[in-house]
Amino acid sequence: MIYLLDVNALVALGFVNHEFHDRVVSWIRAQDSPTLATCSITELGFVRVLAQVPAYGFTIAQARALLMLLKEASGARVTFMPDQHDVSHLPTWVRTAKHITDGHLSKLASANGAVLATLDENIPGSHLIAK
């Protein structure tokens, strides 16, 4: 199975002091040879969150370097999913601005034979990384 990690799952995986780091790591270990995927949105979101949130304390260069290291040494195969989807692919269940990225990532994952893996309980068709 291929899992496209959303931004929150990717940040939790990459930042060891994140409150859900152990939850994501345990979930990955419980999978049978998972392939994890990132895309432009999740990678840029990872760098933005780590560089923008003062509690994380990363510069853009440090966040980028951490992501590159994570992709090379995550214990699971990590692949990059190219994004050819424009706004016409947005699912009909997207009704508010806060669901736009979730909807886009969900459709991108399914178009590539993957499932969106998330810590968010409210994304239709996604895989909730269990507590």
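Of note:
- Selection of segment 58-79 for residues being part of a helix (DSSP H, G or I) and either under 16 Å from residue 123 (Cβ atoms) or among the β-branched types (Val, Ile, Thr) (or both) yields only 60.
- Screening residue 19 against (1) closer than 23 Å to residue 59 by Cβ; (2) assigned to a helix (DSSP H, G or I); (3) not polar (S, T, N, Q) leaves a single unmet condition, (2).
- Lone qualifier among 116, 105 - being assigned to a helix (DSSP H, G or I) and in contact (Cβ under 8 Å) with a residue 40 or more places away in the chain: 105
Residue by residue, here is whether (1) surrounded by 14 or more Cβ atoms within 10 Å (Cβ to Cβ); (2) over 22 Å from residue 126 (Cα atoms); (3) at pLDDT below 95 holds:
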site	(1), (2), (3)
3	yes, no, no
12	yes, no, no
21	yes, no, no
25	yes, no, yes
28	yes, no, yes
32	no, no, yes
55	no, yes, yes
81	yes, no, no
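- Taking the listed residues 51, 65, the one that is modelled with pLDDT of 95 or more, touching a Phe, Trp or Tyr at 6+ places or on another chain (Cβ under 7 Å) and of a type outside the set (Ser, Thr, Tyr) is 51, with no other qualifying.
- Those residues of segment 102-122 which are at pLDDT below 95 and farther than 13 Å from residue 9 by Cα, in sequence order: 122
- Here segment 34-44 is the region considered, the condition is being aliphatic (A, V, I, L, M) and in contact (Cβ under 8 Å) with a residue 40 or more places away in the chain, and the residue that is surrounded by the fewest Cβ atoms within 10 Å (Cβ to Cβ) is 41.
The values are calculated or read from the model by the stated rules, or taken from the named source; none is laboratory data. Since this is a predicted model, take the numbers as computed values, not measurements. Positions of Cβ are generated from backbone atoms using ideal geometry, with glycine treated the same way; all protein chains shown enter the neighbour counts.
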